[in-house]
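Asker: This is the structure I have questions about; it appears just below.
The values are calculated or read from the model by the stated rules, or taken from the named source; none is laboratory data. What you see is a predicted model, and the numbers here were worked out from it, not measured in a lab. As a convention, Cβ positions derive from the backbone with ideal geometry for all residues, glycine included, and neighbour counts pool all protein chains shown.
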Amino acid sequence: MAMNDTLAMALNNMLNADKVGKDNCVVKPLSKITKAVLEIMKDNHYIGEYTEIDDKKGGFININLIGGLNKCGAIKPRFSATIDEFTKFEKRFLPAKNFGIIIISTPKGIMTLEQAKEKNIGGKLLAYIY
């Protein structure tokens with residue numbers, strides 16, 4: 001199976017494992033974007049701790065699931081979003097106001113849409129989680 005989007009696969013694996021009630025899930029291969037997204041998810045209490053394991057074949061992450069996921073997914077295509085378009089994308093990808101997060105890749109790093117609003121910068125949409 002060709003792996004083109006490691007972030008989409010990681011989010012899909014987590015969602016499926018969470019749905020069937022597993023308390024942990026393994027995501028491979030490792031990517032910087034996936035790690036950054038996991039860090040944001042952990043900070044927002046969607047997942048528990050995670051550990052990186054380097055197996056010399058791309059590595060993998062063991063994630064502790066805490067049952068905080070309702071839905072998550074990668075945003076395809078990776079839309080570019082300016083500050084004045086943020087509300088439009090929030091309405092499209094999140095079920096309600098102030099419910100869930102959208103993760104965006106900006107020139108200042110990967111962050112949530114809220115943080116990008118505070119810093120007044122746009123970027124490319126990566127994922128949504130609620």
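Asker: Hey, among THR112, THR106, THR51, THR87, which residue is β-branched (Val, Ile, Thr) and either more than 17 Å from the chain's Cα centre (by Cα) or at positive phi (or both)? Let's see the steps before the verdict.
Answerer: Values: THR112 fails: either more than 17 Å from the chain's Cα centre (by Cα) or at positive phi (or both); THR106 fails: either more than 17 Å from the chain's Cα centre (by Cα) or at positive phi (or both); THR51 fails: either more than 17 Å from the chain's Cα centre (by Cα) or at positive phi (or both).
On inspection, the qualifying residue turns out to be THR87.
Asker: Among the residues of region 79-111, which ones are within 14 Å of TYR128 (Cα to Cα) and either part of a helix (DSSP H, G or I) or in contact with a His (Cβ under 7 Å, 6 or more places away or on another chain) (or both)?
Answerer: PHE86, THR87, LYS88, PHE89, GLU90, LYS91, ARG92, PHE93
Asker: Could you grab me the full set of residues in region 41-65 that are assigned to a strand (DSSP E or B) and either in the same structural domain as LEU125 (by TED's automatic domain parsing) or not small (Gly, Ala, Ser) (or both)? Talk me through it step by step, then tell me what you get.
Answerer: Applying the first criterion (assigned to a strand (DSSP E or B)) to region 41-65 yields 47-53, 60-65.
Of everything in region 41-65, those that are assigned to a strand (DSSP E or B) and either in the same structural domain as LEU125 (by TED's automatic domain parsing) or not small (Gly, Ala, Ser) (or both) turn out to be ILE47, GLU49, TYR50, THR51, GLU52, ILE53, PHE60, ILE61, ASN62, ILE63, ASN64, LEU65.
Asker: A follow-up question, please. Being buried (at least 18 other Cβ atoms within 10 Å of the Cβ), in contact (Cβ under 8 Å) with a residue 12 or more places away in the chain and assigned by TED's automatic domain parsing to the domain that holds ASP18 narrows it down to one residue among LEU113, LEU94, LEU38; which is it? Spell out the reasoning first.
Answerer: Numbers: LEU113 fails: assigned by TED's automatic domain parsing to the domain that holds ASP18; LEU94 fails: assigned by TED's automatic domain parsing to the domain that holds ASP18.
On inspection, the qualifying residue turns out to be LEU38.
Asker: A follow-up question, please. In contact (Cβ under 8 Å) with a residue 12 or more places away in the chain, loosely packed, with under 15 Cβ neighbours inside 10 Å and in the same structural domain as ASN120 (by TED's automatic domain parsing): does that describe LYS88?
Answerer: Values: in contact (Cβ under 8 Å) with a residue 12 or more places away in the chain: no; loosely packed, with under 15 Cβ neighbours inside 10 Å: yes; in the same structural domain as ASN120 (by TED's automatic domain parsing): yes.
Considered against the rule, which asks whether it is in contact (Cβ under 8 Å) with a residue 12 or more places away in the chain, loosely packed, with under 15 Cβ neighbours inside 10 Å and in the same structural domain as ASN120 (by TED's automatic domain parsing), LYS88 comes out as no.
Asker: Something else about it: Of all residues in region 4-34, which are under 14 Å from PHE60 (Cα atoms) and not in a helix (DSSP H, G or I)?
Answerer: From region 4-34, those under 14 Å from PHE60 (Cα atoms) are 6-7, 9-11, 13-14, 24-34; that's our starting set.
Passing the criteria: ASN24, CYS25, VAL26, VAL27, LYS28, PRO29, LEU30, SER31.
Asker: Could I ask something else about it? Looking only at region 26-47, count every residue that is in contact with a helix residue (DSSP H, G or I) (Cβ under 8 Å, 6 or more places away or on another chain) and under 18 Å from TYR130 (Cβ atoms) and tell me the total.
Answerer: Counting residues in region 26-47 that are in contact with a helix residue (DSSP H, G or I) (Cβ under 8 Å, 6 or more places away or on another chain) and under 18 Å from TYR130 (Cβ atoms) gives 3.
Asker: Taking region 55-85 as the region of interest, how many residues are acidic (Asp, Glu) and either surrounded by 15 or more Cβ atoms within 10 Å (Cβ to Cβ) or without any contact (Cβ under 8 Å) to a residue 24 or more places away in the chain (or both)?
Answerer: If we filter region 55-85 for residues that are acidic (Asp, Glu), which is where we start, we get 55, 84-85.
Filter once more, so that each one left must be either surrounded by 15 or more Cβ atoms within 10 Å (Cβ to Cβ) or without any contact (Cβ under 8 Å) to a residue 24 or more places away in the chain (or both): 55, 84.
Here the count works out to 2.
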